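Contents: one structure, followed by commentary.
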Amino acid sequence: MMAKLLKVVKENKLAVITIDNPPLNVISKQVFRELGETFDALSKDTETVAVLITGAGNIAFAAGADIKEFPSMMGNPNMKDLVKESHAVLTKIEQFPKPTIAVLNGLTLGGGCELALACDLRVAETHVQIGLPEVKLGLFPGAGGTQRLSRLVGNAKAKEIIFTGDPLAAEEAEKIGLVNKVVEQGSGLSEAKILASRMTRHSLQALSRIKKAINEGSEATLEQGLEIETNLFEEIFQTEDVKEGVSAFLDKRKPAFVHR
């Protein structure tokens, strides 16, 4: 039986997933499979309100896909199915109904960058290098990188990053909106937990609908986006959490959300 490459620790409404695939935490087929299984389980976990993903050690968050697996993909008649499997896992993370934060604590390249892009927010330590270097192997990002990066930083900047294959330093990544926050080396996880705690105190029913409204609305016209927002706003008023939130406000006390 293969050793697990993901470790999951739960605390204070938060689940912390650590990729532990030394030395560089590459995103192998096994890591992809375990990510899918882990997020399936966490979606049903009523105690978890937000999820952090990081890498073991301080060298890499995830330094790309496992290149040793690439030869088996050359000339493979099932190549498209293999690609779609990785797409399915990252789309599952992108659409996961709870806030997700990628804690970048080292090299975040290739498939590691694509995993980070599938998360809602990214916190990077100062020594982080982030990028999509696939062009240097005669390839290009094939797990959503060309699509998610361009939507996040714009077409021109995405093309520059992917055409050159050169990684960005954490501060530059923050300037273009690729990461939300840069923190001191070694403090990424603690800083991300503080950020997450500002979310987990709120209603999961509200958080999940905020995420859905933004994700789906960003791919729609304004008119369509407003319709999505209207439908979700109608839904939220049918939940127990909104009743508790309004009652707590009127009673001048902190709400005790039950997330339903």
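The values are calculated or read from the model by the stated rules, or taken from the named source; none is laboratory data. Remember, predicted model here, so these are calculated numbers, not experimental data. Cβ atoms come from the backbone with ideal geometry, glycine included; neighbour counts cover every protein chain shown. Please note that ligands, DNA and RNA were not included when accessible areas were found on the heavy atoms of the full protein model with its side chains. Shrake-Rupley method; radii C 1.70, N 1.55, O 1.52, S 1.80 Å.
Just a few scattered comments:
- Between N180 and Q224, the contour length at 0.36 nm per residue exceeds the alpha carbon distance by 13.1 nm.
- Cα→Cβ-extended label distance, 7 Å offset, between A256 and F237, nm: 2.7
- Distance from the alpha carbon centroid of region 215-260 to that of region 134-208 works out to 27 angstrom.
- If you take all other residues with their beta carbon under 11 Å from the beta carbon of L117, and give Lys and Arg +1 and Asp and Glu -1, the sum is 0.
- Viscosity 1.002 mPa s, temperature 20 °C, Stokes-Einstein D of region 12-73 from Kirkwood C-alpha radius, µm²/s: 168
- Counting only Cα atoms, the size of region 136-237 along its three principal axes is 51, 36, 22 Å, in decreasing order.
- Other residues within the sphere of radius under 15 Å centred on the Cβ of Q224, judged by their own Cβ, net out at -4 (K and R +1, D and E -1).
- Lys-Lys pairs in region 9-84 that are eight or more residues apart or on separate chains and whose Cα atoms lie under 25 Å of each other come to 10.
- Residues of region 183-202 with an amide N closer than 20 Å to a point placed 7 Å from the Cα of K7 along the Cα-to-Cβ direction: 185-194.
- Calculated SAXS-style log₁₀ I(q)/I(0) at q = 0.13, 0.14, 0.19 Å⁻¹ - region 7-126, Debye, Cα scatterers: -0.49, -0.56, -1.00
- Within the shell defined by Cβ-Cβ distances under 11 Å, the residues around F39 carry a net charge of -2, with Lys and Arg each +1 and Asp and Glu each -1.
- Pairs of alpha carbons in the chain whose separation is greater than 26 Å (percent): 43
- The modelled label-to-label distance between E216 and V135, using points 7 Å beyond Cα along the C-beta direction, is 3.6 nm.
- Lys/Arg +1, Asp/Glu -1 at C-beta; region 179-260 dipole; positive extreme among T239, G217, S197: S197
- FRET efficiency, E37 to T91 (Cβ-Cβ, R0 25 Å, nearest 0.05): 0.95
- Heavy atoms of E216 accessible to a 1.4 Å probe, total area in Å² rounded to 10: 80
- Directionally averaged projected area (convex hull, Cα atoms, region 119-162), nm²: 3.7
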